Protein chains: 2
Amino acid sequence: MDGGAENTDNKRRTSWKKDPEAVKENILAIATEEFAAHGLSGANINEIARKTSTSKRMIYYYFGDKEGLYCKVLEGVYSSLRRSEDLLDVGGLEPEQALRRLVEATFDAHANAPHFIRLVMIENIHNGDYLRKSEIVPKLNRSIIDKLEEVCARGKAKGVFRKGVDALELHWLISSFSFYNVSNRATFSASFGASIFAQPRQAILKQRVTDMILAAVVIGYQPDSWS
Amino acid sequence: MDGGAENTDNKRRTSWKKDPEAVKENILAIATEEFAAHGLSGANINEIARKTSTSKRMIYYYFGDKEGLYCKVLEGVYSSLRRSEDLLDVGGLEPEQALRRLVEATFDAHANAPHFIRLVMIENIHNGDYLRKSEIVPKLNRSIIDKLEEVCARGKAKGVFRKGVDALELHWLISSFSFYNVSNRATFSASFGASIFAQPRQAILKQRVTDMILAAVVIGYQPDSWS
DNA sequence: CATGAATTTAACCGCTGGGTACATTTAATT
DNA sequence: AATTAAATGTACCCAGCGGTTAAATTCATG
């Protein structure tokens, strides 16, 4: 990530001994780890600095203060998850298959983005105060709703989706499964064991929630597994 | 809660000018507020002490240190939620109605226990380290599973529940809705507005998830709302 | 090569906040 | 009344941590 001087870098700066962009990226990466691990108040700036390839002073130089750094970290994980969602193209699939694909992909995406999950949890502890300040986030979140709305519209037009189906509600449903499955592993395991979070139970769970969503949306849907 | 001298109190202590039990309760109540509001590292012992009817010294006298206090708070909200669950009796209902009742009650219980939700979120941020240490919690959590298992058994015996239905999986499902609905309000609202968390949308949501669970469990179930 | 803005270093600071020392009061016991 | 142990009040400590100061280094530019 640091490597040599990237002369491919455009803008007005060609090659510095130490590239500020790389430094910023490095700080952000470490800070993401630390905030995700310990929360806003729990994370330690000195510790973040120590793990960085640069110094504490640089953190303040580039990000102002602890909260400024936290905000950038938050924006980073949000846009990173949404970017991965944008890669998913369900335009070529029939509405039922498109929805199934969206649910499965969301489930998997959450399972594979523990940093995102933890930072969203942390941000909720802070009542969304920092997310609300961000300008970048609101527009990011349209894409997933748009995608769901498009699928719903096609499903209704084709006559296979129920009338009452609402994209936002659907998103809430899909997120609740997918998020909880990661966010509450620790306490759930402490109470009931971790078996449900290992294979093959996870695969079964994904199948189950997908079927439940489809059953709620698609007229006359009858999953194979529901004898 | 303080009132007069409780001579009904057994043990070896009859009446003190200042009842230590009441002091402990008072500390716990305030600490619950503060930890739920700010997290483990975010909460401030001096601030907790200030809001108490006693002094910081007493907190350390009764709870040892910050983490000890946090543990007791955690145990408190857990047992409080489970106690409210125990009040729910579905023994007299047919399996389908019993399950419906359990889902609705869980949904409502979570919506009405914001402290519990926040503290569980916080505990998950800490990877369940403190919950795992607690001896009181593991046994508390049996009751809800037992209740679900009993309903499932009756439903299968009656021939109205599917064979594959598993109580733990069911609990995971019901919890995911109910928990996420409260835990992620802030960030969800920041992204998509708060309309879904107000009436009448909440009632619709509850209805929807209940129907989804029943459809997944009860053979041939067809909710009215699913045209 | 002098200028100066951008970038980086190292040392430093003050206060917050978890935790403690020690004296003192209270109520049961003898 | 004297003794004792639990319960409490007050003042204090001090390390950790967020944030800063001031100066040095790097490189484009005239």
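Values as computed for the structure displayed
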| quantity | calculated |
| --- | --- |
| Matching residues in region A:122-136 - criterion: being at the interface with chain B (Cβ under 7 Å from one of its Cβ atoms) and part of a helix (DSSP H, G or I) | A:ILE122, A:GLU123, A:ASN124, A:ILE125, A:LEU131, A:ARG132 |
| Selection status of A:VAL77, under 13 Å from the mean Cα position of the chain (by Cα), within 15 Å of DNA strand D (Cβ to nearest atom) and buried (at least 18 other Cβ atoms within 10 Å of the Cβ) | no |
| Tally, over region B:112-121, of residues that are assigned to a helix (DSSP H, G or I), farther than 12 Å from B:HIS38 by Cα and more than 8 Å from chain A (Cβ to nearest Cβ) | 3 |
| A:LYS133 in the same structural domain as A:LEU102 (by TED's automatic domain parsing) and over 28 Å from B:LEU119 (Cβ atoms) | no |
| Residues located in region B:41-86, provided they are under 28 Å from B:PRO138 (Cα atoms) and charged (D, E, K, R) | B:ASP65, B:LYS66, B:GLU67, B:LYS72, B:GLU75, B:ARG82, B:ARG83, B:GLU85, B:ASP86 |
| Residues of region A:52-74 satisfying the condition of being more than 12 Å from DNA strand D (Cβ to nearest atom) and either more than 14 Å from chain B (Cβ to nearest Cβ) or touching a strand residue (DSSP E or B) at 6+ places or on another chain (Cβ under 9 Å) (or both) | A:THR52, A:SER53, A:THR54, A:LYS72, A:VAL73 |
| Members of region B:32-51 found to be within 13 Å of DNA strand C (Cβ to nearest atom) and away from chain A (no Cβ under 14 Å), listed by number | B:ASN46, B:ILE48, B:ALA49, B:ARG50, B:LYS51 |
| Selection count where residues are in contact with an Asp or Glu (Cβ under 9 Å, 6 or more places away or on another chain), charged (D, E, K, R) and touching a residue at least 24 places away in the same chain (Cβ under 8 Å), scope region A:51-74 | 0 |
| Test: A:LEU102 is away from every other protein chain (no Cβ under 11 Å) and either in contact (Cβ under 8 Å) with a residue 24 or more places away in the chain or farther than 26 Å from A:SER41 by Cβ (or both) | yes |
| Test: B:SER15 is part of a loop (DSSP other than H, G, I, E, B), at pLDDT below 95 and in contact with a helix residue (DSSP H, G or I) (Cβ under 6 Å, 6 or more places away or on another chain) | no |
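The values are calculated or read from the model by the stated rules, or taken from the named source; none is laboratory data. This one's a predicted model, so the numbers in the text were calculated from it and none came from an experiment. Positions of Cβ are generated from backbone atoms using ideal geometry, with glycine treated the same way; all protein chains shown enter the neighbour counts.
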